[in-house]
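Notes follow once the structure below has been shown.
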Amino acid sequence: MSFISRGFSGRRRDDADSARIPPGQYVTSDFPVLSAGPTPHTPLDEWTFTLRGAVDEPVSWTWEEFKSLPSQTTTVDIHCVTKWSKLDTTWTGVSVDTLLDGVETSAEYILAFSDGGYTTNVPLEDVTGGKAWVAYAFGDEPLHPEHGGPARLLVPHLYFWKSAKWVRGLELRSDDQPGFWETYGYHNYGDPWQEQRYAGD
Amino acid sequence: MVTETPRTRSIVLDLPGWPGHRAGQHVDIRLTAEDGYQAQRSYSIGSAPEDDHVVLTVERLDDGEVSPYLVDVLRPGDKLELRGPIGGYFVWEESLGGPLLLVAGGSGVVPLRAMLRHRAAVRSGIPARLVYSSRSLEDVIYRDDLAQLADDDAVDVTFALTRAWPEGWTGHRGRVDRKLLEEVAWPPVAPSLTYICGPTGFVEAVAGGLVELGHDPAGIRTERFGASGR
């Protein structure tokens, strides 16, 4: 139930964009940074990416091996639960489909895990079929640490807290395990088009 | 409404049915124009759970869409649509322990003041230090309240003024740098709890500085606003 805020007129948006903006969001040309704690800094010669959990055996790549995998460049809109949306962002990285190629699993969920202890959960079908990447470049540049570099998960169709910064791997699971923000009151799934920001939405 | 500084205003809210909140949480405010256009933003609660009213302190951003309305247009008697309280991580209560280091950049002081008022209200013996960075003395929000917390409730308050300071100023001059952090932070060898809130550049510098000084990243909680500029 909403009412009119006396004297508020707001900033009008370009109609061409408004269909791309989920409810409650505004477009920014900046790139805001949000985090729960300090930015981790893992040296690249110590960095690995691992698939573990509901697999016959864990699969791991070093940074060199990871960068040698077939990569894709994609341009997508991203939506943060803190209300900002950024349109036409370009990322380069490895599709999660590529990472899972040849990996047999009965898992239905993944739990992404990152340096610093961050985790986030996503149904497996939401990171496969061309919907997710592990991205290591933003625009023309290597992904900056503040924005999750050396690599972050990228799942643009969900609120951006699901695109785990400083990602180090995916745990494949048959059950859904709520991640960091999900246990602190944020929505378990996080669809921006249904405005699923907080638990119970 | 209380004008705090030239750029900020505190809004005292009457919220029937408010379930209470934890120090550090925020609310989401939604504004609706006559044609149905809506804008939503989040604002930290500056009051303690024990205070009589929920208080939001808002800084007017020059290019803001909601903050200029809240600071310049809203007046007593107006209605505001809000949702909350929100946030489960950037909160403090006594059970989380200490000693506490709170580091504020500009309007980042708002949720940290809620924590200090809560600490005073429950008469917690947990040691607390506040480092508060502002452009100048006239930009310091809650100045009297913080002075009172310093006197009555044994909070160590250090002000850092980055652009202008009065003659004879004995507080810190310039940005919160590594040297200041080394002086005010709790010894890294023992556990402590740090909350940093402010613009992202500020938070990055302070959090990074503390980690370099040997503090456990797991004991540092951050809340940021603004762009990275990259």
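Below are the figures for this structure:
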{"read-out": "Some residue of region A:108-125 being modelled with pLDDT under 95 and surrounded by fewer than 17 Cβ atoms within 10 Å (Cβ to Cβ)", "value": "no"}
{"read-out": "Segments classed as strands (runs of 3 or more DSSP E), wholly inside region A:58-150, with at least 2 members that are within 30 Å of B:Q40 (Cβ to Cβ)", "value": "A:72-79, A:84-95, A:109-114, A:119-123, A:133-138"}
{"read-out": "Set B:Y132, B:Y89: member being at pLDDT 95 or above, of a type in the set (F, W, Y) and outside any strand (DSSP E or B)", "value": "B:Y89"}
{"read-out": "Residues within region B:151-175 that are part of a loop (DSSP other than H, G, I, E, B) and not charged (D, E, K, R), tallied", "value": "10"}
{"read-out": "Some residue of region B:198-215 being under 25 Å from B:A121 (Cβ atoms) and either polar (S, T, N, Q) or at pLDDT 95 or above (or both)", "value": "yes"}
{"read-out": "Selected residue (criterion: nearest to A:R12 (Cα to Cα)) from residues of region B:2-47 that are of a type outside the set (D, E, K, R), within 14 Å of another protein chain (Cβ to nearest Cβ) and assigned to a loop (DSSP other than H, G, I, E, B)", "value": "B:Y37"}
{"read-out": "Of all residues in region A:163-186 being in a loop (DSSP other than H, G, I, E, B) and free of Cβ contacts under 8 Å to residues at least 60 places away in the same chain, the one that is nearest to A:F66 (Cα to Cα)", "value": "A:A164"}
{"read-out": "Long-range neighbours under 9 Å by Cβ, at least six apart or interchain, first residue surrounded by 21 or more Cβ atoms within 10 Å (Cβ to Cβ) within region B:185-204, second part of a helix (DSSP H, G or I) and hydroxyl-bearing (S, T, Y)", "value": "B:C197/B:S107; B:G198/B:S107"}
{"read-out": "Region A:131-149 - residue that is touching a residue at least 40 places away in the same chain (Cβ under 8 Å) and more than 14 Å from chain B (Cβ to nearest Cβ) and, of those, surrounded by the fewest Cβ atoms within 10 Å (Cβ to Cβ)", "value": "A:Y136"}
{"read-out": "Residue within region A:8-19 that is under 30 Å from B:Y43 (Cα atoms), touching a helix residue (DSSP H, G or I) at 6+ places or on another chain (Cβ under 7 Å) and of a type outside the set (G, A, S) present", "value": "yes"}
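Yes/no matrix, rows are residues, columns are (1) on the phi > 0 side of the Ramachandran plot; (2) modelled with pLDDT under 95; (3) more than 12 Å from chain A (Cβ to nearest Cβ); (4) within 11 Å of the chain's Cα centre (by Cα):
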{"site": "B:E50", "(1), (2), (3), (4)": "no, no, yes, no"}
{"site": "B:T57", "(1), (2), (3), (4)": "no, no, yes, yes"}
{"site": "B:K79", "(1), (2), (3), (4)": "no, yes, no, no"}
{"site": "B:L96", "(1), (2), (3), (4)": "no, no, yes, no"}
{"site": "B:L101", "(1), (2), (3), (4)": "no, no, yes, no"}
{"site": "B:G106", "(1), (2), (3), (4)": "yes, no, yes, yes"}
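The values are calculated or read from the model by the stated rules, or taken from the named source; none is laboratory data. None of the values given here were measured: they were computed from a predicted structure. Using ideal geometry, Cβ is built from the backbone for each residue, glycine included, and neighbour counts are taken over all protein chains shown.
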